[in-house]
Amino acid sequence: MLKKIYLFCPSIHDGGLEKTLSIYANFLSKHFKVTLVTNTFNKRRLKIINRNVKIINFKNKFFLKNRIANNLFCILKTFMMNEKKLVIFSLHDHFFLCFLKFIKFKFKLIVRTQTAIINEKNKDEENSIKERFFFRNFVTFFYKFSDLVITFSEQNRSFLKNKIKVKNVEVIYNYFPQQKAQKKAKKVYNIFFVGRLVPDKDPIFFLKNCLSLSKKVQFNISIVGKGSCYETIRSMSKKNNVKIYGYIEDGIKKLNKQIDAICITSKYDGTPNVLGEAVAYKIPCLAPKGVGLSNLILLNGKGGYLYKPNSDNDFKVKLSSMLLNYKKAIYKSKLSYKELKRFGYNNTLIKLKRCINEIL
């Protein structure tokens, strides 16, 4: 008989976390009896979760108005199911579940750190970012009461084990299957930003510097995504030749033949998914040095281009170098592509299954 797991994701939007949710749900449903607990009206995202996953969607608009209230509402509903051997795999908003473990509620809890946490690697980031991490840092302390923490980097694992004293931490990368693709040099290149149009991802930094560089080097600028920065981006694009696609599900998969280079401009990040997906299609990439797994995925610059975070000048210098010597950029992308095996099936999804089985 298959063991039961409740995937806990109180709200579902469109982003890297939600994509990981669908990948995990679809994979785990082959090996466990999986139930997704959520409160969402995102029908598009739920449609890509296979039929083997039981979906409990409360569709309560009142609680969706407040993130904390929605989280508590979903937790209450989950415990009201009276599952004797409850196993919860939390994808985000972990605090209250961890607190229940702290006060000795009996259930198994798996936590996945969905984005950046303060550790020895990123502790010197600018103060404005660190202030926003205050509550997340507080939440991180309670990870020690979970049964398994899944994180995305060795730095996080070391921090959680040594500083927070979390007993069971595993590094499991996101799954990026290698694709059959090839890039060629040409006269004018298409430079893309793909991701949520929010301050954390900093699409305005991307657009501002691309517009500045385009006065010296000819290239096309394209943006894929939606979010709070959309109106600002649209306003900046009116007098310039910028193509805004809006949100596209599996944007890199659908547009990879048109994309000649991708720029990641996140102020802080986890993996991120866009970078791994781009490398999987051998797309040359430019990303901020030391943010998320950019150094790891781009082989410290051997497999792509890394710029100094928040530096307009360094961003433009590195992007210009990529455009003016695109054959070298292709060569770099092939190097990072070869090393993407670390993000393959056995090292990600199969490892996830093994780690879960060990605590059940």
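Here are the numbers for this structure:
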| item | result |
| --- | --- |
| Value of [θ]222 nm, deg cm²/dmol, for the chain, DSSP H segments ≥ 4, -39500 (n - 2.57) each, nearest 500 | -10500 deg cm²/dmol |
| Total charge dipole magnitude, the chain, about the Cα centre, Cβ charges on Lys, Arg, Asp, Glu only, Debye to nearest 20 | 920 debye |
| Relative contact order of the chain, defined on C-alpha pairs under 8 angstrom at six or more residues apart (%) | 14 percent |
| Formal net charge of residues neighbouring V37 (Cβ-Cβ distance under 13 Å; K, R +1; D, E -1) | +2 |
| Distance from region 196-270 to region 283-322 (C-alpha centre basis), Å | 16 Å |
| Amide H contacts of L7 (H built 1.01 Å from N, under 5 Å, at least 5 apart or other chain) | T35, L36, V37, F89 |
| Chain lengthening between E154 and L211 when straightened (0.36 nm per residue, less Cα-Cα) | 16.8 nm |
| Paramagnetic reach from H13 in region 211-236 [backbone N under 17 Å; point 7 Å along Cα→Cβ] | 224-233 |
| Rough spin-label spacing in nm, given labels placed 7 Å along Cα→Cβ, for K180 and E339 | 2.7 nm |
| Under 19 Å from K43, Cα to Cα: lysines that are on another chain or at least 8 residues apart | K19, K54, K59, K61, K65, K226 |
| Ascending count of other beta-carbon atoms within 10 Å, so fewest first, for M236, M80 | M80, M236 |
| Correct option for percent of Cα pairs over 28 Å apart [calculated from the coordinates] among [x] 41; [y] 45; [z] 50 | [y] |
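The numbers here are math on the coordinates, done by the rules we state, and not lab data. All values reported here derive from a predicted model rather than from experimental measurement. Neighbour counts are summed over all protein chains in view; Cβ atoms, including those assigned to glycine, are modelled from backbone coordinates with ideal geometry.
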